[in-house]
Amino acid sequence: MKKILFVILAALLILSMFATGCKGYRRDLAPIHDVEIWADNSSPPQYFVDVVSGEPNSCVKFDSYYVKRAGKTTRVWIINIEYVGGSCAEVYSYVDYTISLGSDFVPGVNYTVEVNDVTETFVA
């Protein structure tokens, strides 16, 4: 009888682990709320993009960003990391940061900056 009870309890424990899901982390593109491109007064001007991204709940935090430039288009990926499998407070927060785009822009030329799903253009 003790063996049967042990087997039943072990099975319930294993099932409860699958029901609550696996704990871990996942990365995803962050929601973008604001993108602003600006240049400083240096010569040549250094260009920057100010980004405001969101963290939809307390389990989501800013992780990293990546910048890649190809011709007249600069692509910026803002990545959040989310803890999966725990309980999260439904508190939305924002993260502000400034990302350098460099200084090798030709004056008078139109350029495009894509930050996740937001596209902005500027004239150098």
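The values are calculated or read from the model by the stated rules, or taken from the named source; none is laboratory data. Here the structure is a predicted model, which means the values were calculated and not measured. Here the Cβ positions follow ideal geometry from the backbone for every residue, glycine too, while neighbour counts run over all protein chains shown. For the accessible areas, the whole protein counts, side chains as well, though only heavy atoms, and no ligand, DNA or RNA atoms are used. Shrake-Rupley method; radii C 1.70, N 1.55, O 1.52, S 1.80 Å.
Of all the residues in region 104-124, those that are touching a residue at least 40 places away in the same chain (Cβ under 8 Å) and among the hydrophobic types (A, V, I, L, M, F, W, C) number 6.
If the condition is being in contact with a Lys or Arg (Cβ under 8 Å, 6 or more places away or on another chain) and open to solvent by less than 30 Å² (accessible area, probe 1.4 Å), then region 58-75 contributes only 74.
Selection of region 86-105 for residues being under 13 Å from residue 39 (Cα atoms) and aliphatic (A, V, I, L, M) yields 99, 101. Taken over region 90-116, the residue count meeting the criterion of being open to solvent by less than 70 Å² (accessible area, probe 1.4 Å) and in a strand (DSSP E or B) is 12. When the criteria are applied in full, residue 55 meets the requirement of being under 17 Å from the mean Cα position of the chain (by Cα), closer than 15 Å to residue 34 by Cα and open to solvent by less than 40 Å² (accessible area, probe 1.4 Å).
Okay, residues lined up against (1) in a strand (DSSP E or B); (2) of a type in the set (D, E, K, R); (3) on the phi < 0 side of the Ramachandran plot; (4) under 14 Å from the mean Cα position of the chain (by Cα):
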| residue | (1), (2), (3), (4) |
| --- | --- |
| 67 | yes, no, yes, yes |
| 76 | yes, no, yes, yes |
| 82 | yes, yes, yes, yes |
| 88 | no, no, yes, no |
| 119 | yes, no, yes, no |
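Can you name the residue in region 14-52 that is at pLDDT below 95 and of a type in the set (A, V, I, L, M) and, of all such residues, is surrounded by the fewest Cβ atoms within 10 Å (Cβ to Cβ)? If we take residues in region 14-52 being at pLDDT below 95 and of a type in the set (A, V, I, L, M), then 19 is surrounded by the fewest Cβ atoms within 10 Å (Cβ to Cβ).
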